[in-house]
Structure formats: C-alpha cells, structure tokens
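Written out below as structure tokens is the structure these notes cover.
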Amino acid sequence: MNAEQHGPLAGFTIGVTAARRAEELGVLIQRRGGSVVHAPALRIVQLADDAELLTATKELIDQVPDVVVATTAIGFRGWVEAADGWGHGEDLLACLRGVELLARGPKVKGAIRAAGLTESWSPSSESMAEVLDRLLEEGVEGRRVALQLHGEPLPGFVESLRAGGADVVVVPVYRWMPPQDIAPVDRLIDATLARTVDAVTFTSAPAAASLLSRAEQRGQLPELIAALHHDVLAACVGPVTALPLQAHGIDTVQPERFRLGPLVQVLCAELPGRVRALPVAGHRVEIRGHAVIVDGDLRPVPPAGMALLHALSRRPGWVVSRAELLRVLPGAGRDEHAVETAMARLRTALGAPKLIHTVVKRGYRLALDPSADTKYADT
C-alpha cells in the first residue's frame with residue numbers, strides 16, 4: 001500500500017467526541033486515511049422536548065427584546081422550527097421582525113433570511129467578541145438583549161452585557177446532557193491513556209469538559225491531562241471549545257476558520273509533522289500510531305508490535321532488553337517468550353525483517369544506519 005494514496009492521516013487513530021455531526025467529521029477523517037474511535041461525550045436534548053426553550057420563547061414573545069443575537073445557523077433554524085411545532089412560530093417571527101437582529105456569521109445570516117427575516121448586522125470576523133464590542137459601543141443600559149445559545153458557553157459575554165446594564169435573556173437552543181451510554185467515553189479515555197489514539201477532536205466546550213469530568217470520576221484525570229499534554233494531540237474546532245482543556249494546562253491546536261473541514265486539515269498538518277522518519281537498514285521508516293510507512297508503503301502493525309516498535313524507536317540504534325520490552329507489551333505477563341513471539345509477528349508485518357536486529361543475550365535494536373548513529377545517539 002502506498003501511503004500517499006491512502007492520505008495524510010494513514011496510520012493514525014483519532015478520537016471523535018462530537019455528538020452532533022460526528023458522522024460527517026468521521027467521514028472527513030477516514031477519507032484522508034485515518035481511523036476513527038467515536039465516543040460521544042454528550043447527548044443533545046431535542047428542541048421539541050425542551051421545556052426551558054419553550055419558556056424562554058414565550059417570555060420573548062410576551063416581552064419583546066430590543067436586540068436578538070443569533071449565534072449558530074442550526075440553532076436558529078431549530079429554534080424557529082421548535083416554536084412552530086409548539087404553535088408559536090408566527091408569533092416568534094413577528095417578534096424577531098421588530099428587533100435589532102445580529103448574526104454571528106454568514107451561515108447564521110442564511111438561516112435568518114431563510115426564515116423570511118433580515119439581519120441588522122453581522123461581523124466580518126464571525127467573532128462573538130466583535131458582536132460584544134458593537135453592543136457595548138452602542139450602549140446596552142436598560143436594553144433587553146436575547147442571546148441564542150447552541151450548547152456552547154460564551155465566557156464573559158453575558159456578564160459583560162449585564163455589567164453594562166442590559167437585561168439579558170438566554171435562549172438555550174439544544175442543551176447538552178451526559179451520554180446515556182458512558183462505555184464509549186470510558187474506552188476513549190483508556191485508549192488515550194494507553195496512547196493507542198494519536199489525537200482527540202473536540203467540537204464543543206461541553207464535550208471537552210465532559211471528557212475531563214468523566215476521567216476525574218474514574219480517578220484518572222492527572223493521567224489523562226498528562227497524555228493530552230505530551231503524547232496525544234488535542235484538536236479543537238475553535239478557542240471557546242479549547243477553554244476547558246487550556247484550564248488544565250493542555251495545549252491545543254485549532255484551525256483559523258471554526259469549521260470541521262479546517263479542523264481535519266489541522267490534523268493532516270500536525271500528525272504527520274509529529275512523526276520523524278528514521279533511516280533504518282537502508283530503508284526510510286516512519287512510525288505512526290497503528291501502522292508503519294516503509295519506503296512509502298503503509299504497513300499495518302498489530303498493537304503488540306506497535307508497543308515494541310515505539311519502545312525501540314525511543315532510543316533508535318540502542319539495545320532494548322527483553323525485560324524492558326516485556327513491560328510495554330500489553331497483557332504479556334512475565335514470560336519473555338511473549339516478546340519473541342510478538343517480535344516475529346512485527347517483523348512479518350513490516351515486510352523487512354532486517355529493520356530490527358536481535359542482539360544475543362541482550363535484546364533488540366532498530367538497525368539504524370551507521371551515518372545516523374551520531375544524530376540519534378542522545379534521543
């Protein structure tokens with residue numbers, strides 16, 4: 001298999017925590033060669049079942065606000081559809097026609113116009129910070145401002161408006177709840193701790209907070225933070241989504257445009273860039289998460305073999321003892337013969353047995369080319 005034909009994410013495994021649009025994100029990753037572990041960290045309360053949204057909608061119809069801020073297209077559409085289902089659709093549209101209607105970005109503008117309405121203004125940056133600046137510059141003292149949410153917290157936004165004297169009504173379109181089946185989340189946490197995933201993607205701040213909270217409940221929060229900080233890439237769709245992770249000192253990567261496509265492009269740039277190519281026994285070897293690229297060919301490797309290979313690659317060219325390799329071998333117990341068995345399978349999977357040398361009575365080593373010995377001696 002030629003790695004280039006299978007995409008930049010070939011050989012990498014990526015965790016997806018999204019509940020909404022998870023399938024779309026997974027397809028984008030798989031099209032670029034990646035494997036996906038799906039663990040929805042949240043579930044969404046459907047609009048028509050959400051008494052809190054119904055209450056907020058009635059309140060706005062009864063007491064028309066001065067300003068309505070629409071933050072997401074799907075949230076705005078869902079709000080109008082839910083109101084229509086409750087028999088309040090026309091009343092809500094009539095309410096919105098008479099207010100200053102601010103749209104966070106072009107997709108929201110499209111949803112507003114599809115409802116037969118016209119936005120008053122939209123920021124070029126798609127930034128809620130720019131929306132907040134405009135409102136505060138206009139002055140919000142004594143004004144009633146409705147803010148359509150979509151599950152995402154907006155740190156400081158509501159507080160700043162209220163500090164400026166506004167009466168803020170929050171419209172909670174889609175509320176996040178813990179998943180009904182927590183097992184996939186637990187499996188993703190375990191995979192992250194075992195470093196068998198290379199990245200975890202987050203498309204909402206509540207999903208990030210939920211994953212961290214579950215790890216804390218299991219007594220594994222410090223270990224999860226360490227894994228995401230050092231070995232497993234945390235990729236977020238935007239800065240708001242990253243906040244719960246950054247609060248724990250976890251570095252994140254984010255696209256410039258807060259969309260799923262650009263998020264996947266960040267993965268395509270970051271993950272291959274974290275892997276170094278080694279000159280081994282006359283071959284170019286690139287060790288990825290669950291596969292190895294040997295001279296451009298993608299070679300899938302079983303988990304036991306990858307565990308051995310990662311241990312050898314930490315000190316390329318140096319001998320690693322059987323006892324040390326046994327410790328990294330999943331479920332191997334105390335029998336060093338398990339190392340020999342896994343090593344034989346690894347060599348077969350690589351298709352180039354001479355990549356790994358057996359050093360009699362000592363262990364194994366990656367057969368790093370002599371010209372590279374000095375370069376990697378201190379690795």
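At a glance:
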quantity: Length gained when the stretch Thr358-Met177 is fully extended (0.36 nm per residue, less Cα-Cα span); calculated: 59.9 nm
quantity: Candidates Val197, Val360, Val27: whichever shows maximal mean-square fluctuation once the chain is modelled as a Gaussian network with Cα springs under 10 Å; calculated: Val360
quantity: Approximate spin-label separation Val27-Glu141, in nm, with each point projected 7 Å along Cα-to-Cβ; calculated: 5.3 nm
quantity: Protein-only accessible surface order, largest first, of Trp176, Trp318 at 1.4 Å; calculated: Trp318, Trp176
quantity: Computed accessible area, Lys58, all protein chains, 1.4 angstrom probe, square angstrom; calculated: 90 Å²
quantity: Around Leu96: net Lys/Arg minus Asp/Glu count, Cβ-Cβ under 15 Å; calculated: -3
quantity: DSSP beta bridge pairing in the chain, given as percent antiparallel to the nearest 5; calculated: 45 percent
quantity: Listed residues Ser321, Val237, Pro302: farthest to the positive end of the dipole of the chain (Cβ charges); calculated: Ser321
quantity: Listed residues Ala205, Ala242, Ala183, most fluctuating in the chain (Gaussian network, C-alpha, under 10 Å); calculated: Ala183
quantity: Charged-residue dipole, Cβ positions (Lys, Arg, Asp, Glu), region 173-271 about Cα centre, Debye nearest 20; calculated: 300 debye
quantity: In Å², nearest 10: area of Phe202 left accessible to a 1.4 Å probe; calculated: 0 Å²
quantity: Cα gyration tensor category, rounded, prolate or oblate, for region 140-268 with a/c compared to 1.5; calculated: prolate
quantity: Residue-level accessible surface for His310, protein heavy atoms, 1.4 Å, Å²; calculated: 60 Å²
quantity: Per-peptide average of other Cβ atoms within 10 Å, ordering 258-266, 81-89 highest first; calculated: 258-266, 81-89
quantity: Inter-centroid distance (Cα atoms) of region 310-326 relative to region 110-164, Å; calculated: 56 Å
quantity: Carbon plus sulfur fraction of accessible area for region 196-336, probe 1.4 Å, in percent; calculated: 51 percent
quantity: Folded to 0 to 90 degrees: helix 205-217 orientation relative to the chain principal axis, Cα; calculated: 50 degrees
quantity: Accessible area of the chain divided out per residue, in Å², using a probe of 1.4 angstrom; calculated: 46 Å²
quantity: By accessible area with a 1.4 Å probe, ligands and nucleic acids excluded, highest first: order of Ser313, Ser125; calculated: Ser125, Ser313
quantity: Long-range HN-HN contacts of Arg175 with modeled amide H, under 5 Å; calculated: Val45
quantity: Exposure rank, largest accessible area first [Asp91, Asp50; 1.4 Å]; calculated: Asp91, Asp50
quantity: Residue of Val16, Val158, Val232 that the Gaussian network model of the chain assigns the largest fluctuation, springs spanning Cα pairs under 10 Å; calculated: Val158
quantity: Cα-projected label distance for Glu340 with Arg97, points at 7 Å along beta-carbon direction, nm; calculated: 8.5 nm
quantity: Förster-model FRET efficiency, 25 Å R0, Arg284 and Ala194, C-beta, rounded to 0.05; calculated: 0.35
quantity: Test item: Cα-centred dipole of the chain, Lys/Arg +1 and Asp/Glu -1 on Cβ, debye; calculated: 1920 debye
quantity: Cα-based shape type of region 60-119, given that a ≥ b ≥ c are square roots of the gyration tensor eigenvalues and the cut on a/c is 1.5; calculated: oblate
quantity: Sequence-separation-based contact order of the chain, relative, with Cα cut under 8 Å and 6+ spacing, percent; calculated: 16 percent
quantity: Separation of the Val319 and Asp133 label points, Cα + 7 Å toward Cβ, nm; calculated: 6.4 nm
quantity: Three-way shape call for region 253-336 based on the alpha-carbon gyration tensor, with the a/c threshold at 1.5; calculated: prolate
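The values are calculated or read from the model by the stated rules, or taken from the named source; none is laboratory data. Note that the structure is a prediction, hence the values are computed from the model and not measured. Positions of Cβ are backbone-derived with ideal geometry, glycine not excepted, and every protein chain shown enters the neighbour counts. With ligands, DNA and RNA removed, areas are computed over all heavy atoms of the protein, side chains included. Shrake-Rupley method; radii C 1.70, N 1.55, O 1.52, S 1.80 Å.
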